[in-house]
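First up is the structure itself, then whatever we jot down about it.
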Amino acid sequence: MHIAHIRGAVFGDVLSSLYTKTGFDVTREYYVNDAGSQIDKLSNSLLKRYLQLFDKKIELEEDEYPGEYLIEIAKKIKNEDGDKWLNFQQEETIQYFKNFALKNILLSIKSDLELINIRFDKFTHESEIEKSKIIDELFSILDEKKLLYQGILEKPKGDDSDWEPREQLLFRSSKLLDNEDRALKKSNGEWTYFANDAAYHLDKCKRNFDRLVNIWGSDHIGYIPRMNSLIKAIKDDEAYLNILTCQIVSLIQNKQKIKMSKRSGNFVTLANVYSKVGKDPIRYYMISTKNETAIDFDLDAVVEKNKDNKVFYCQYAHARASSVINKANELGIKIKNDYNFSGIQNLSDEEVKLIKKLICYPYLLYQSSYYNEPHRLINYLEEISSDFHSIWNKGKDNESLRFIDEKNAEKTISKIFWLESFRVILKDIFSIIDISAPETM
């Protein structure tokens, strides 16, 4: 998992928690792209890395995978099998390397995700979809609706150096929500990526979910109209599928942007970021802005213990509120179960304003879920935490504004009452984001 994946993973996980919080039964599902030409290139790249370990003079092609992680996987094969694969038949060797690569990469992905407490209920493999009969069922549905035909796509605009007119099985997506028709089968008889993805979505439809939500990277925006067209053809419901995209994440260190290139194999992994900053800043900042807005993630700033580090500032608010309640308990000042709040006269204007914001929390929770915008929780969290810290700081200079007045238990209880509510809301938001709620800091 590299840094570009992290945002989508956290966004989807927090959104799922939001749905659950607002009454939905949610299945978290990971679609494993383990079929097609890119996987063939992956296994070829791994084989070459293996051969290089035996001093074979062999170079990677420009479109193959240069990442260092493949060298580590190749070393595992060498340690387990020695030179077993130097002289085997090509087809058997490639299949072995493909399976080995996919197994190890998926284990690595799961391990990385567990670092930040992301787990999936189901992993669906593209290769399983490819082998199943569901793609035939899909074609029957589309054919019955007269949305399939043999045809030749128009020459693409821009770079057409590899284009050649060839007859293919096409989907009439332009009759639905797309601006052009899309290929389902290549001229050589292989399914396209879209065909497999379409079959996967039919599989999800058959499992009777009320809604489907896809989390994609922003580089797949152009793919959305064809998938929406496919779902409209199957369900005749334009609202059934909601595709949400996440913009890029840029890493900043020492005030410099870290240059990354997936193609050159130069990228920063989730595990590497986790080792520098831990779980909470990653989860917090990945949903701190709208998913369609790019993020600059400053590795130095997110570990600072000051108000410029928002996750620290919000957790510190919880710790401070907890310290007041614990201190009141030590003094024997507690809220009874049948306490009837009537101490508004004991509160400052700033406290009353904050209480009004706390009352809005259930509505905000609903809005965040309905509009698929967990960053609204972050905005709210930062606002009420800032208000709380402001009230706290005023109490430093003005004794009458302090939360605990040992000479006036009723006044103290009035403040403890809303502080408990404040702490409950903080803890609830922290649980949705899945960050810690420290009692002391």
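The values are calculated or read from the model by the stated rules, or taken from the named source; none is laboratory data. The structure presented is a predicted model; accordingly, all values stated were derived computationally and were not measured. Cβ: placed from backbone, ideal geometry, glycine included. Neighbour counts: every protein chain shown.
Please report, ordered by residue number, the strands (runs of 3 or more DSSP E) entirely within segment 165-221 with at least 1 residues that are over 25 Å from Cys246 (Cα atoms) and touching a residue at least 40 places away in the same chain (Cβ under 8 Å).
Of the strands (runs of 3 or more DSSP E) lying wholly inside segment 165-221, those with at least 1 residues that are over 25 Å from Cys246 (Cα atoms) and touching a residue at least 40 places away in the same chain (Cβ under 8 Å) span 167-171, 182-185.
Can you name every residue in segment 116-134 that is free of Cβ contacts under 8 Å to residues at least 12 places away in the same chain and not in a helix (DSSP H, G or I)?
Scanning segment 116-134 gives a single hit, Lys133.
So which of Leu107, Leu148 is over 25 Å from Lys232 (Cα atoms) and either modelled with pLDDT of 95 or more or not aromatic (Phe, Trp, Tyr) (or both)? Write out each step before concluding.
Numbers: Leu148 fails: over 25 Å from Lys232 (Cα atoms).
Selected residue: Leu107, the only one of Leu107, Leu148 that is over 25 Å from Lys232 (Cα atoms) and either modelled with pLDDT of 95 or more or not aromatic (Phe, Trp, Tyr) (or both).
Could you check how many residues of segment 57-103 are part of a helix (DSSP H, G or I), of a type in the set (S, T, N, Q) and more than 16 Å from Asn44 (Cβ to Cβ)?
1
What are the pairs, 6+ residues apart or on separate chains, where a residue within segment 412-441 that is under 24 Å from Leu115 (Cβ atoms) and aliphatic (A, V, I, L, M) has its Cβ under 9 Å from a residue that is at pLDDT below 95 and surrounded by fewer than 16 Cβ atoms within 10 Å (Cβ to Cβ)?
Matching pairs, first to second residue: Met441/Lys305.
Show me the helices (runs of 4 or more DSSP H) found entirely inside segment 338-441 where at least 2 residues are farther than 28 Å from Gly278 by Cβ, outside the structural domain of Gly8 (by TED's automatic domain parsing) and among the aromatic types (Phe, Trp, Tyr).
361-370, 409-433
If you go through segment 234-261, how many residues are closer than 25 Å to Asn372 by Cβ, assigned to a strand (DSSP E or B) and either touching a Phe, Trp or Tyr at 6+ places or on another chain (Cβ under 9 Å) or charged (D, E, K, R) (or both)? Show your work before the answer.
Step one: list which residues in segment 234-261 are closer than 25 Å to Asn372 by Cβ, which gives 234-250.
Right, trim to assigned to a strand (DSSP E or B) and you get 241-246, 249-250.
This time we only want the ones that are either touching a Phe, Trp or Tyr at 6+ places or on another chain (Cβ under 9 Å) or charged (D, E, K, R) (or both), so: 243-246, 249-250.
Result for segment 234-261: 6.
Six or more apart or on different chains, Cβ atoms under 7 Å: show the pairs whose first residue is in segment 37-63 and over 25 Å from Gly189 (Cβ atoms) and whose second is surrounded by fewer than 14 Cβ atoms within 10 Å (Cβ to Cβ) and among the hydrophobic types (A, V, I, L, M, F, W, C).
Short answer, once both residue conditions are applied: Lys48/Ile58; Leu51/Ile58; Gln52/Ile58; Phe54/Leu86.
What number of residues in segment 245-260 are surrounded by fewer than 19 Cβ atoms within 10 Å (Cβ to Cβ) and touching a Leu at 6+ places or on another chain (Cβ under 8 Å)?
5
Mind checking which residues of segment 403-441 are charged (D, E, K, R) and on the phi < 0 side of the Ramachandran plot?
Once the filter is applied, which keeps residues that are charged (D, E, K, R) and on the phi < 0 side of the Ramachandran plot, segment 403-441 yields Asp405, Glu406, Lys407, Glu410, Lys411, Lys415, Glu420, Arg423, Lys427, Asp428, Glu439.
Would you say Tyr30 is surrounded by fewer than 21 Cβ atoms within 10 Å (Cβ to Cβ), among the aromatic types (Phe, Trp, Tyr) and closer than 22 Å to Thr269 by Cβ?
Yes: the conditions hold for Tyr30.
Taking only segment 19-32 into account, find how many residues are of a type outside the set (Ser, Thr, Tyr), over 23 Å from His201 (Cβ atoms) and in contact with a helix residue (DSSP H, G or I) (Cβ under 7 Å, 6 or more places away or on another chain).
Residues that pass the stated criteria total 1.
What about Val311, is it under 27 Å from Lys427 (Cα atoms), in contact with an Asp or Glu (Cβ under 9 Å, 6 or more places away or on another chain) and aliphatic (A, V, I, L, M)?
yes
Residues in segment 79-110 that are surrounded by fewer than 16 Cβ atoms within 10 Å (Cβ to Cβ) and not aromatic (Phe, Trp, Tyr): how many? Walk me through how you get there before you give the answer.
Of the residues in segment 79-110, the ones surrounded by fewer than 16 Cβ atoms within 10 Å (Cβ to Cβ) are 79-84, 86-92, 95, 99, 103, 106-107, 110.
Remaining after also requiring not aromatic (Phe, Trp, Tyr): 79-84, 86-87, 89-92, 95, 99, 103, 106-107, 110.
Residues meeting the conditions: 18.
With respect to Tyr65, determine if the residue is hydroxyl-bearing (Ser, Thr, Tyr) and either touching a strand residue (DSSP E or B) at 6+ places or on another chain (Cβ under 7 Å) or modelled with pLDDT of 95 or more (or both). Spell out how you get there, then give the answer.
Values: hydroxyl-bearing (Ser, Thr, Tyr): yes; either touching a strand residue (DSSP E or B) at 6+ places or on another chain (Cβ under 7 Å) or modelled with pLDDT of 95 or more (or both): no.
No; evaluated as a whole, the condition is false for this residue.
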